[in-house]
1. Sum up the charges of everything whose Cβ sits under 14 Å from the Cβ of residue 74, counting Lys and Arg as +1 and Asp and Glu as -1, but leave residue 74 out.
2. Given the protein chains as shown and a 1.4 Å probe, how many square angstrom of residue 254 are accessible, to the nearest 10?
3. For the stretch 224-235, what does the Karplus curve 6.51 cos²θ - 1.76 cosθ + 1.60, with θ = phi - 60°, yield as ³J(HN,Hα) per residue in whole Hz, taken in order and with x for Gly and Pro?
4. What FRET efficiency do you get for residue 271 and residue 147 if R0 is 51 Å and r is their Cβ-Cβ distance, rounded to the nearest 0.05?
5. With the contact rule set at Cα under 8 Å and sequence spacing of 6 or more, what percent relative contact order holds for the chain?
6. Past 27 Å, Cα to Cα, is the threshold; run 55/115; 55/237; 115/213 against it and keep the listed order.
7. Given Cα pairs under 8 Å that are at least 6 residues apart, what percent is the relative contact order of the stretch 1-111?
8. Could you give the accessible area per residue of the stretch 127-192, probe 1.4 Å, as a whole number in Å²?
Amino acid sequence: MSAVALREADRVEITVLVDNYTDLFVRQNTEVAQRPAVAATDAPLAEHGLSFLVKVYAGSEEHAVLMDAGISTACLVHNATVFGVDFGQVEAAVLSHGHLDHFGGLAGFLERARKGIPLVLHPDAFLERRLNVRGVMLFELPRLDESALEQAGVDVRRVSEPSTLASDLMLVLGEVERVTDFETGFAWAEARINDEWVTDPFRDDQGVAVKVKGKGLVVMSGCAHAGIINTVKHAQKVALTEKVHAVLGGFHLTGPLFEPLIEPTIAEMKKIAPDFVVPMHCTGWNAVNQFAREMPEQFVLNVVGTTYVFQ
């Protein structure tokens, strides 16, 4: 793995198109968090999924990239309509990993996007996957359809190393290096690799980062199956940038397997010392509340439709 020449952006705007939580009464705007002002008749939807529209600005340049697409076309397209998002202006898309709650709305997006749009993902995003809770449940997960993407004319870019989009203003992290001793994976998740079901290594789990001039990195995760601390540290290493301005996305700290990781995760996040922490999606209610208690100056409560402006 080598460092990537990442250009500095003047500004990045991240609009949350899909997340687990919506609340029309969260209207308090700040310089960073611009809340959606919509009528009840145009209320956005929430679902167990995640999708960001990321706009990056540098001088006269403006680039728009979609990260993930939620779990359903219905939610993604409805919310994009409510917030006035034109998918035809999106120049590329990134998939954080091959789980339905991140690729389920792709079909609706692709129907409205320009033909031949690049879709950057790790080759393992196409793996067969299942949940195996021993003695309780064996459940096959929906699989991303590679042939359907190709038939739709998508420029599928299978990339495992760090790469850039938006004229080198946006970093796609590629395979995240595992360096912490507590972010050890998801024991119930399995993948079929070399015709054998094994504990899913989630090599495809990746995030996106933008370096904002004078502020540092803005790091966005999907589910952070590789670990949110591993993800941030990987972004710092690849971008050759120590300062982290903001961390947003799913931190995957929910449920009996992951709640024991809440305390060490917050302890390490305090050491990284981002200016803003915005846990979403699969972070879990207990973890979100603990971040709010222990990092009150940095914590921001997310609701669907919020646009985060870092400049």
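The values are calculated or read from the model by the stated rules, or taken from the named source; none is laboratory data. Quick caveat: nothing in here was measured; it's all calculated off a predicted structure. Cβ coordinates were reconstructed from backbone atoms using ideal geometry, including for glycine residues, and neighbour counts include every protein chain displayed. With ligands, DNA and RNA removed, areas are computed over all heavy atoms of the protein, side chains included. Shrake-Rupley method; radii C 1.70, N 1.55, O 1.52, S 1.80 Å.
1. Result for the neighbourhood of residue 74: -2.
2. 60
3. Coupling constants for the stretch 224-235: 6, 4, 6, x, 5, 5, 4, 4, 5, 4, 5, 4 Hz.
4. 0.70
5. 22
6. Violating the 27 Å limit, Cα to Cα: 115/213.
7. The value is 27 percent.
8. 54
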